[in-house]
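The values are calculated or read from the model by the stated rules, or taken from the named source; none is laboratory data. Not measured: the values here are computed from a predicted model. When we count neighbours, we look across all protein chains shown, and the Cβ atoms used for this are built from the backbone with ideal geometry, even at glycine. Just so you know, the surface numbers come from the protein's heavy atoms only, side chains and all, with ligands and any DNA or RNA stripped out. Shrake-Rupley method; radii C 1.70, N 1.55, O 1.52, S 1.80 Å.
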Amino acid sequence: MNSPIYQTVIVGGGFTGLFTALHLAHNRYPRSVILIDKNERFCFKPLLYEYFDGEMDTFQVVPRFAELLQGSGVIFVQDTVQSIDLHQREVKLVSGDEYKYSNLVLALGSVTGYHRVEGAQDNAFPFWTQADAIALDKHLRDCLQRALQTDDPEQRQKLLTVVVVGGGASGIEMAATLADFLPLWYSALGGNSSEIRVILLNHGQEILDGDINDPLRQIAETELQKRTAPIEILTGAAATAVHPNAVEYQSNNQVKTLPTYTTIWTAGTSINPLIQDLPITQEHRDHHDRLLVNSTMQLLDFPEVFVGGDCAAVENKSLPPTAQVAYQQGANIARNLRAIALKEELEPAKINIRGTLLKLGLNDAAANLFNVFEVAGEPAHLIRQGTYLTLLPTPIHDFKATTEWVDEEIFHHHLDSQDVGKKVVQAVELVGAGVVGVLVARRLLKILGDDDKNVNKEQGTGNGVQ
Ligand SMILES: Cc1cc2nc3c(=O)[nH]c(=O)nc-3n(C[C@H](O)[C@H](O)[C@H](O)COP(=O)(O)OP(=O)(O)OC[C@H]3O[C@@H](n4cnc5c(N)ncnc54)[C@H](O)[C@@H]3O)c2cc1C
């Protein structure tokens, strides 16, 4: 008889998977851990805009897994998962390698959803990964160069017009970023920055409708108008087709066309195809096909399998598909994997929604703190930067310093109180914490400055006009 395998396999190294691995390593998990991701680097998605526009660097936003996990005991495998056999407890990779597991963590996230809009998948730019950010950056620089060189005003206008499809958080953050940076980049090349057009196309009548950032709508609407290139917001406008040189949309029962060489698609997410293919019945999925898990984050039919982040739906709970939910679930999954190994009792995941943060261009943001207090402009920008900079995963030896500081000192500390008055005072303190966060982080970045230069050189891209 074969001896049992005690091996935990984590598929997907995003917010759920990486944080599960880091927590396991930090808490001296007694079993072997294998983390599989198709990419060489973790992607801190909320800061992908800063990576794209050059405000932040590669080593901050997309650090290498090998570096993050150095000395942790976690084995990192860079490969694409091809299939998962829940009955045989086996994961197959594109390289042909196979991994057996005693416990599995499904942390594959979600993918861009195109809602079957004609040409969208082929002609629009997604903004989901490091590769997407690099491709968009390259395309836009090319457009700006060509705009400078053409004498044809129509052609120039098409090259200088960007249409962002989707008025959710991602679309707004993208439009605001472009509306501040494209004019800067174009005038640095000698172009007339007033010719830049950024258009936000939104299916519904209101931006941020049904989004966790809904309370920030008014601030967002005001701040979007303050960008270097004012953003044209078209509401009630449903994209119906994307061509290489135009977007078609329907508004008031009329089909209209916007000539542009750049359409950016932020209008939806879909279930990861691997999750879709699993032999889990429709009753054990939610209406987005996400896998239902119990309160301890285990699959209902396969309790040895944990699921977190964008591919999970907790039974009888509605949680937004966000990074803050994913990394907290990762911590809980790690705690429960350890409990299984030590034959202790499993604990339900407690998720705190700690407010939301929205980037609204250069040095501008909106923050909704604990659903009672909203901050706009530069203070919100400082809160956002400070919070994210301190949340960035760091190599395992710095792990305690970063995650615990943010978790305990900023968030839990403030969330313990139910008193709204106190919360407002605490929120003001949090503005201070954000500022401190930025200062601490800036100091850290200065210390790490040399590393940073090396990474950029290696990558061959600075990603953003310097
Ligand atoms: C541009 C952008 C901005 C965002 N901003 C915010 C924000 O401000 N705040 C917030 O809370 N949330 C934000 N989100 C959402 C947040 O990033 C996600 O909810 C979060 O990343 C989900 O975590 P996850 O672990 O489920 O998946 P992910 O973090 O997406 O990780 C999934 C991992 O699985 C890997 N993978 C996928 N398929 C395979 C395969 N077949 N084989 C191997 N590996 C595979 C991927 O490479 C990836 O590393 C943003 C998302 C985007 C795209």
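Numbers below:
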read-out	value
Nonlocal amide H pairs with Gln82, under 5 Å, H built at 1.01 Å	Lys92, Leu93, Val94
Karplus (6.51, -1.76, 1.60) ³J(HN,Hα), θ = phi - 60°, over segment 108-121, in Hz, Gly and Pro reported as x	8, x, 10, 10, 4, x, 9, 6, 6, 6, 3, x, 5, 4
Residues of segment 267-365: accessible area per residue with a 1.4 Å probe, Å²	43
Cβ charges +1 (Lys, Arg) and -1 (Asp, Glu), total dipole of segment 303-372, debye	160
Under 5 Å, built H, 5+ apart or other chain: amide partners of Trp128	Ala133
Highest to lowest packing among 268-279, 15-26, 155-166, scored as the average C-beta count within 10 Å	15-26, 155-166, 268-279
Segment 120-267 - charge dipole about Cα centre, Lys and Arg +1 at Cβ, Asp and Glu -1, debye rounded to 20	280
Heavy-atom accessible area order for Glu195, Glu347, Glu173, largest first, 1.4 Å probe	Glu347, Glu195, Glu173
Rounded percent of accessible protein surface that carbon and sulfur make up, segment 120-267, 1.4 Å probe	44
Which of Ile199, Ser170, Asn253, positive extreme of dipole for segment 120-267 (C-beta unit charges)	Ile199
In sequence order, calculated HN-Hα J values of segment 45-57 (Karplus, 6.51, -1.76, 1.60; Hz; x Gly/Pro)	4, x, 9, 5, 5, 5, 5, 4, 8, x, 5, 10, 10
Solvent-accessible surface (1.4 angstrom probe) belonging to Glu40, in square angstrom, nearest 10	80
Sorted peptide list for 41-51, 229-239, 247-257, 111-121, criterion being average Cβ within 10 angstrom, highest first	41-51, 229-239, 111-121, 247-257
Lysine pairs with alpha-carbon atoms under 27 Å apart, segment 42-167, spacing 8 or more or separate chains	4
Interchain or long-range residues, amide H under 5 Å from Ala241's placed H	Glu248
Segment 62-76 - phi-based ³J(HN,Hα) in whole Hz, Karplus 6.51/-1.76/1.60, Gly and Pro as x	10, x, 6, 4, 4, 6, 4, 9, 4, x, 8, x, 6, 8, 9
Charge dipole (debye, nearest 20) of segment 257-382; +1 at Cβ of Lys and Arg, -1 at Cβ of Asp and Glu	240
